[in-house]
Each structure stands twice: as structure tokens, then as C-alpha cells.
Number of protein chains: 2
Amino acid sequence: MRDKPAFRTESEFITWVERRTARRTPGVRLGIGDDAALVEVAPGQELILTTDMSIEDVHFTLRLHPPQAVGHRALARSLSDIAAMGGTPRYALISLALSKHTSRAWIEGFFQGLLALARRFGVAVIGGDTAVARGPTAIDAIVAGEISRGKALRRSGARPGDQIFVSGRLGLAALGLRLLQSPSGRRKHTAAAAIRAHLFPQPQCALGQFLSEHALASALMDLSDGLSIDLKRLCDASGVGACLLADRIPAPPLPDAADALALALDGGEDYQLLFTVPPAKRPQVPPRFGKIPLHCIGEIQAPRRLHLLTPDGRTRPLKPHGYDHFAQR
Amino acid sequence: MRDKPAFRTESEFITWVERRTARRTPGVRLGIGDDAALVEVAPGQELILTTDMSIEDVHFTLRLHPPQAVGHRALARSLSDIAAMGGTPRYALISLALSKHTSRAWIEGFFQGLLALARRFGVAVIGGDTAVARGPTAIDAIVAGEISRGKALRRSGARPGDQIFVSGRLGLAALGLRLLQSPSGRRKHTAAAAIRAHLFPQPQCALGQFLSEHALASALMDLSDGLSIDLKRLCDASGVGACLLADRIPAPPLPDAADALALALDGGEDYQLLFTVPPAKRPQVPPRFGKIPLHCIGEIQAPRRLHLLTPDGRTRPLKPHGYDHFAQR
């Protein structure tokens, strides 16, 4: 029998904490509830602060994930939060609670993966904390990023009529995890790309900066828990609803289309960007940003409901099915 | 049988990480190895960043520590790091890995304790991350603080002839933990003060700011793991040694003087400040800062050895005996 959970969902918990901390404090421009927090550090300059935990047997397993991937993914989660505000990541602190059984080789691999990603994004690892404890290995990756005043893109700006975009291909990371869990005879090329998407996701910082600099997006967030749950969070923050077109969603290339769509909607861990664009700015959105395709997958609507339009013309409610820490208990 | 530890000591691990991250990066004024990191965020303004983990059965237990104390202590550790640089804490992010069995009442108590301390220091809690996992509850408290450019006090500035000071009374927190673990018939007044010092330690931010503003200290750090190990860290960072006078060390009032001295030297978790003062500035150090006594307990010396002078005129080497995560394994 499961314990009665302390909170039913993460959203309920976050709202509860937010109510206890939300006070107008000098310097705070955005507190709890978005992808990251914003504070004013100098006239014209804001700092973006974010932190993400990666815990053994929740976010990774020692069996499936090489230490290089654990290090890469731990930092990628926080870099993606900076991307989700449109900012530039600058500094990182890494807190590491090591299991008593962690080997030197694992620690070396972990930092190798983490520091390679940090270097590629010009991020300096400047501190952290370390403890050795019973229980699973846990990492907390803290990243500070920069952005010009007023340029940060929040979740709360979507308005009815705005077009909904996602970058890249969704569900690939979830497919990669499935392949790692039970390797099968799937076509090699897709399999390798999916496994790479899962083990070494690429934060979309350059795209976030592009959307911020050109003021193209009315709302922006990253896709960490799954499109269905993350879109609900964006809509809730904006006080709107949405309609998605099923055949526009860039799902993984699988023979079973329903399976592919489910992975794209509920898979999570893609760390692609989800953003909304006002109709007048729609023509300015390029079909690709570098090598990353940008897909228009639906429209923001006033009624606070989420639904999905299938190719046969039928509409069904879009239920949030991504990962929720409290709901999993 | 214990596993072979990945690193022998925390210092060895920190040096290992530091070597892999220490590169001159624009904006970074101080990286891994001090109480906190320093980055330049605007001309004349530096940001102090620090993070500290608090893990069930390492830093607290559910049996001895009420949730209010767990929340207070988790944040106090990071506030104390900001004090240890001479800065002013401004913003906090709290990452929380909850055990599956955590109750709503525990979470409420935890935030009650944490937010009361945050309010008292004018610190805004602006974000964090939450997960529910098997294993012990773990908290990572991240704090960002401010300081004027060049005003931060580091561990590395102590020079031979500098006088060594500590604030407050040492060993009280360790005595409090001992009393909580096995309550006895000890004199009530001392017992209550010691238990309070353990459960609700007070970060010395105002004292740190005073030392920084008046440029009184050549080196500064906070006492988190114990005077004997923390003084060794300060001396190692400064490339010096030290001689302490046993009868000057403000130990807890216990009938057994040797026991009291051991608690003061090796107890840890006092979160008082340890600082060194050049001889010329010695007269400017007041005997008390507010209600906190400031004790001169010894002198920095050139030979890189630590020793203790006892009242009978004998000298013995001062061995570092405080808490070390890697050495505990």
C-alpha cells in the first residue's frame, strides 16, 4: 500500500511554496513557478538562477546510464532552464551526494561528461558541495545565466490566437530510454539517434537567445517532463487553453503511429523548446534554426482546455501524462 | 568491510575537481576552494554564490531534529558561507529530494523554519527543485549574496604574525547534539543554550560585513566542520601555520576541561567566524560585536604546522579532527 502523498501533484506543491514566499522583495523580478528565477543585479542587467536535481533511480540508473551521460544530463537540465528564459548560461555550481559505493572511475566519468558540456556552452564550474551518504547518488546542478533587462521570456505570456511551436523532434529521448531498457532489432539509424537524444540531450540555448533577442515569442519554456504536461503548465501560467494538431507534432519515426504520438506527447526529457508566437510575428519564424527544425503544432485558445485534433477530424481532450514527482508515489 | 574510498579526504577531492575546472574564465573572480564563489556581475559589484547540502542521517536525523530545525539549519549553512566572505545574502533557491514517506506536516514545519530564518536575513526564496525518491531526504540550499568589488574576504590572506580570532563560543553545537542524543542531568541553563546552538545556529552575517567593510581581517572563513580542521584549511589556503593558546579558546562550560576543549576544537556546526587580523589592526577589533564576544585565540606563524600551547607551557600538534565526508566512509 502506498503512503498518502503529501501533495497530489508538483503543481500543487509549487503553488503551496509560492504562496509562502511570494512577497514583493527588492531585486526579485520573477520568483518560484517559471523555468528559472530572475533577479536584478545591475541597471539593465538581470541574472537568471536555476537548479535541477538528478537522482539515481529517478532520473538515471547506474545500469543504463554511463557516468559521462549522468554528468551531461545533470547539467543539461539546468542549461535548458536558462534556454527556456532566453538567457546565456555563465556559471555552474554542482552539489554531489555520493553513495558510499561510488568508485573513483564513476566520479571521473561523471565530471568528464559534465565538464565537456560546460566547456561547449562557455559555462564555468565555480563551486558546489559534496557529501557521502547512504542511499542513492544525487546531483544538484545550479546554473546562473545572464539576460538584458526585460528580455526574459516567461511561461505566462501566451494569448489566444498565438501559434504554438516546438523545436526538434519530440519523444526521441523517451524512445531512446525504451531501447536502452529492452534493446530490440529496430532500425539501427533511428535507434542510435534516439539513444543519443536520451543520453546526451542538447540544451537549446542559442534558439532561446534568438527568440528573446528578436522578441518573437510571447511565452517560452523547455520540454522536460513531456509536451502534454508542459503545455498545460504554460497554458495555466498564461490563463489560456490550446488546440494541437496531431499530424503536425514531430513524433519519432515508428511503424505504430499511435505509439509514436504517445511518446511525443508524454515522453519527456527532450529538452526542446516550446514557445508561442503572436500571429503578426508568425512569418518571422524560420522553418529551421541552424539544424533544428521549428514546427508549428497548434494554436492558443481562450477556453482553458487542452485538446488534440486528429487527422480524421476528431477532437479529443489532451490529458497531461508526463512525469510528476508527487503523482508517482 | 568498508569500500575503498574514491578519495581519502574532502580536500583531496576538492583539489581534484579544482584542477579540472580552474581556468581563467571571464567574470570569475574566485572559483572552487573557498567558502563561496565570486563572480563579477557589474562594474563595482560582485555576486557571491554558494550551495550546501543537508542530508538525513548525515546532517540531521528525523528522530532528533524537528522539521523547523532541519529547515533553519539547511539555510543557515549557506547563509554562513556568505557571512564567511563578508557579504550580504539576498536570494535563495531550495532543492528538496523528499523521501517517499515524508508527511505534509514535516514539509510544513521544514518551510516554517527555513522561511523564518530567510525573513530575518532579508533573503527571498525565489526557486528550487523538488523530487520524491527512495532513500533519505536531502536538501540543497543555494544562496546568492552581494558584495562590493574587491571587498570579499578569502581564506588565503593570513600572514605570519596575524592574530587568530573566533566569534562566540565553540563546541556548544556539538554539546547540544550530545545532549539531544543522550539527555542527562546536566545543568539546565547550559543544556538549553547548547541545544539551541545545535538546532538553530545563527549565521554571523553582520559580523562578516563589519570585518569586510572595515577591512579588518586578512582571512575569514566560517566554522562548519570544527576549529581544528577549518583552521588547517585556512592555513593551507594561506600557506602558513598557526599556534593556538588552549586557555584562550572559548570552550563550553563543562566540569571536564579536556572534554570541553575537545568539543571546541573538533565539534563543528557552530557557524561562528574564524578570522585573522594583522598586528597593526589588532587594536581596532572590539571585544564584542553586538552580543557576540570576539576571542583572540592564537597567532599565525610561518612554519606550516598547527600546534596548541597548553596552560602548563607544553606544546602539542593540533590534529584536524572535524567532519570529513570522504574520511567517514
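Read the figures in this text as sums done on the coordinates, not as results from a lab. The structure presented is a predicted model; accordingly, all values stated were derived computationally and were not measured. Cβ sites come from the backbone with ideal geometry, for glycine too, and all protein chains shown count toward neighbours.
Label-point spacing at B:Gln112 relative to the other copies reads 5.0 nm, in ascending order, each point sitting 7 Å out from Cα along Cα→Cβ.
Shown here are the Rg and Dmax of the Cα trace of region B:30-120, at 14.9, 48 Å. Note on region A:200-262: percent of Cα-Cα distances in each 10 Å bin, starting at 0 and stopping at the bin with the largest distance, equals 17, 39, 37, 7.
Here the calculated FRET efficiency for B:Asp259 and B:Leu64, from their Cβ-Cβ distance with R0 = 22 Å, stands at 0.60, rounded to the nearest 0.05.
Which of B:Thr130, B:Thr276, B:Thr190 ends up with the largest GNM mean-square fluctuation for chain B, with Cα atoms connected below 10 Å? Result for chain B, Cα springs under 10 Å: B:Thr130 fluctuates most.
Using a simple spin-label model with pseudo-atoms 7 Å out from Cα toward Cβ, A:Arg314 and B:Gln45 lie 5.7 nm apart.
Each of A:Leu114, A:Leu234, B:Leu179 was scored by other Cβ atoms within 10 Å of its Cβ. Arranged with the fewest first, they read B:Leu179, A:Leu234, A:Leu114. Note on A:Lys281 and A:Arg149: their simple-model spin labels are 2.1 nm apart, each label 7 Å out from Cα toward Cβ.
GNM remark for chain B: springs join alpha carbons under 10 Å apart, and the peak mean-square fluctuation among B:Lys232, B:Lys100, B:Lys281 falls on B:Lys100. Full extension of the segment from B:Thr9 to B:Arg24, taken as 0.36 nm per residue of separation minus the current Cα-Cα distance, would add 2.8 nm. Under the convention that each Lys and Arg Cβ holds +1 and each Asp and Glu Cβ holds -1, the size of the dipole of region A:10-148 around its Cα centre is about 280 debye. Distances between copies at B:Arg24, taken between label points 7 Å from Cα along the C-beta direction, are 4.5 nm in increasing order. By the count of neighbouring beta-carbon atoms within 10 Å, fewest first, B:Arg316, A:Arg24 end up ordered A:Arg24, B:Arg316.
Using bins of 5 Å that start at zero, the share of Cα-Cα pairs per bin across region A:163-317 amounts to 2, 9, 19, 23, 20, 14, 9, 3, 1, 0, in whole %. Normalising the average separation of contacting C-alpha pairs (under 8 angstrom, six or more residues apart) by the number of residues puts the relative contact order of chain A at 22 percent.
Label separation (A:Arg248 vs B:Arg159): 6.9 nm, computed from points 7 Å beyond Cα along the C-beta direction.
With contacts taken as Cα pairs under 8 Å and at least 6 residues apart, region A:10-148 reaches a relative contact order of 32 percent. Separation of region A:200-228 and region A:262-310, taken as the distance between their Cα centroids, equals 10 angstrom. From the Kirkwood radius over Cα pairs of chain A, Stokes-Einstein at 37 °C and 0.692 mPa s returns a whole-number translational diffusion coefficient of 161 µm²/s.
Among the listed pairs A:Lys151/A:Lys319; A:Lys100/B:Lys100; A:Lys151/B:Lys151; A:Lys291/A:Lys319; A:Lys151/A:Lys281; A:Lys319/B:Lys100, those whose Cα-Cα separation exceeds 27 Å are A:Lys151/A:Lys319; A:Lys151/B:Lys151; A:Lys291/A:Lys319.
Taken along its three principal axes, the alpha carbon spread of the protein assembly as shown comes to 94, 53, 42 Å, from the longest extent down to the shortest.
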